[in-house]
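Worksheet for the structure shown next.
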Amino acid sequence: MTNEELKEITPVTLTDENGNEYTLEFNADTVRLAQKNGLNHEEIAIKPMVVIPDLFAYSFKMHHKALSPMVIDKLWRELTEDGIPDGLIERLVQLYTKPMECLMSDGTSTKNSKVTVKF
């Protein structure tokens, strides 16, 4: 995925029945946390009942660290009452892989880097 395509992946915004807004997104720290706890997004097809709700839950960690798991679980149940909304899983996976793709980018630029590398 190109840098331009990565920039176009926008966060998901949820609004609950009380008007509370939640921004679902990942950064390197939240992906690292999810991976340390065993999340592997590539297992969605094998273990969808585990991986998809976990991916959803971890997507709150960047902007809503203090949000209780009970609230996240309630939002998940209400959101998926009639099935998972079209495009949600795909967008969460894109948001999850975005920091990894940035990390693995071509490395031709060292924007704001105070450390240089020579080979």
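None of the figures in this text is laboratory data; all of them are computed from the coordinates on show. Since the structure is predicted, the reported quantities are computational estimates derived from the model, not experimental observations. Every residue, glycine as well, gets a Cβ built from its backbone with ideal geometry; the counts of neighbours run over all protein chains shown.
Odds and ends about this structure:
- Here the spin labels are modelled as points 7 Å beyond Cα on the Cα-Cβ line, and at Lys114 and Lys47 they lie 3.9 nm apart.
- Between the C-alpha center of the stretch 10-79 and that of the stretch 84-103 there is a gap of 11 Å.
- Qualifying GluC sites (Glu not before Pro) in the stretch 8-76, where qualification requires a DSSP coil assignment and no more than 13 other C-beta atoms within 10 Å, comprise Glu8, Glu17.
- Distance in nm between pseudo-label sites at Glu90 and Thr13 (7 Å out along the Cβ direction from Cα): 2.2
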